[in-house]
Amino acid sequence: MKLCRYDDDRLGVVREQTLYDVTAALDVLPQVRYPLPRVDPLIAHLAQVREAIERLLPTAKARPLAGARLLSPVANPGKIVAAPVNYARHLDEARAQADIHHHQQVKEIRQIGLFLKATSSVVGPHEGVALQHLDRRNDHEAELAVVIGKAGRNITRAQALSHVAGYAVGLDMTARGPEERSLRKSVDSFTVLGPWLVTADEIADPSNIDFWLTVNGEPRQSANTRDMVLDIGTLIEFASSFYTLHPGDVLLTGTPEGVGPVLPGDRIDCAFDGVGQISVQVRAAQPQPECVA
Ligand code: MN
């Protein structure tokens, strides 16, 4: 099932080029009150939501998918776990290019471990990417996003995929510079997730997915998830040996070679076979007053 969040937080099911409005399925979610649970409520109750969707679908209002304003399929991820240099040829290019590594030694993922991105960086494809530091190189990184569905710690590699709710296309946008990854990759809008969550039952083998990314139609990245240094199961084992993974946590699995800069006005297109395709507009962030919201 392909589940999207769109327009004013509506819930949709996508079939071919048609979007079915199943927002009423959200009524099965428990009313939460302070303190909030450490989960994304939709992902934590996905089985019940899917049952409700099956009941609603025969009479659900249909509309063309084109024109829907697609938001992140995970509205409230508890954490964004990300894998640095998890494709061998990206490690090579990072070591070769000074404006990627900034004269820091680029180590292998086993030595660096994983890093976290701020959840406030998450947007959907419709919202686009807003570049905050135009004096820097800001790069695209195409990554398979894995959404955790079942809580666990010390999850074994063999059990790992049973903890996965589904997958999405992910962009791990990056401002290059000397600071820690976590800071440079947590700019507002620097985690793009979409176009929807494709549930795990639809992906026969997440370790064999072709994917590509273009900027203004020009090919930049093209690879297969089998090229990961640490595969999805190993990443989940590694992550959960440090912290509990909760439903709605998102794992960005790393990017292959071909990362490169984007500028305001550019359009990023990115697709993972069997998952989906996103089209994302890049703009300059508007200057904000000191305090907003
Ligand atoms: Mn990355």
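Details
- Of the strands (runs of 3 or more DSSP E) lying entirely inside segment 235-286, those carrying at least 2 residues that are within 15 Å of the ligand (Cβ to nearest atom) are 250-252, 267-272.
- For R69, the conditions (1) outside the structural domain of R184 (by TED's automatic domain parsing); (2) more than 27 Å from A285 (Cβ to Cβ); (3) open to solvent by 80 Å² or more (accessible area, probe 1.4 Å) all hold with the exception of (2).
- Odd one out for L56, checked against (1) in the same structural domain as V250 (by TED's automatic domain parsing); (2) more than 16 Å from the ligand (Cβ to nearest atom); (3) outside any loop (DSSP other than H, G, I, E, B): (1)
- Residue match in segment 38-51 (condition: β-branched (V, I, T), out of contact with any Gly (no Cβ under 7 Å at 6 or more places or on another chain) and not assigned by TED's automatic domain parsing to the domain that holds G276): yes
- All positions within segment 142-183 that are within 13 Å of the ligand (Cβ to nearest atom) and more than 18 Å from L230 (Cβ to Cβ): L171, M173, T174, A175, R176, S182
- Residues that are open to solvent by less than 90 Å² (accessible area, probe 1.4 Å), over 23 Å from E127 (Cα atoms) and in a helix (DSSP H, G or I), drawn from segment 17-53: A24, A25, V28, A44, L46, A47, Q48, V49, R50, A52, I53
- Checked against (1) surrounded by fewer than 24 Cβ atoms within 10 Å (Cβ to Cβ); (2) in contact with an Asp or Glu (Cβ under 6 Å, 6 or more places away or on another chain), D201 meets all criteria but (2).
- Qualifying position, being over 24 Å from the mean Cα position of the chain (by Cα), of a type in the set (K, R) and within 16 Å of the ligand (Cβ to nearest atom), among R89, R95: R95
- Of the listed requirements (1) free of Cβ contacts under 8 Å to residues at least 60 places away in the same chain; (2) closer than 29 Å to L134 by Cβ, K185 misses just one: (1).
- Within the set L235, L263, the sole residue that is assigned by TED's automatic domain parsing to the domain that holds G166 and within 25 Å of E108 (Cβ to Cβ) turns out to be L235.
- Residue in segment 186-203 that is at positive phi and not in a strand (DSSP E or B) present: yes
- Within segment 72-118, considering residues that are free of Cβ contacts under 8 Å to residues at least 60 places away in the same chain and β-branched (V, I, T), the one farthest from T234 (Cα to Cα): V106
The values are calculated or read from the model by the stated rules, or taken from the named source; none is laboratory data. In this text, all values refer to a predicted model and were calculated from it rather than measured experimentally. Counting neighbours? That spans all protein chains shown, and the Cβs are built from the backbone with ideal geometry, glycine included. For accessibility, only protein heavy atoms count, side chains too; no ligands or nucleic acids. Shrake-Rupley method; radii C 1.70, N 1.55, O 1.52, S 1.80 Å.
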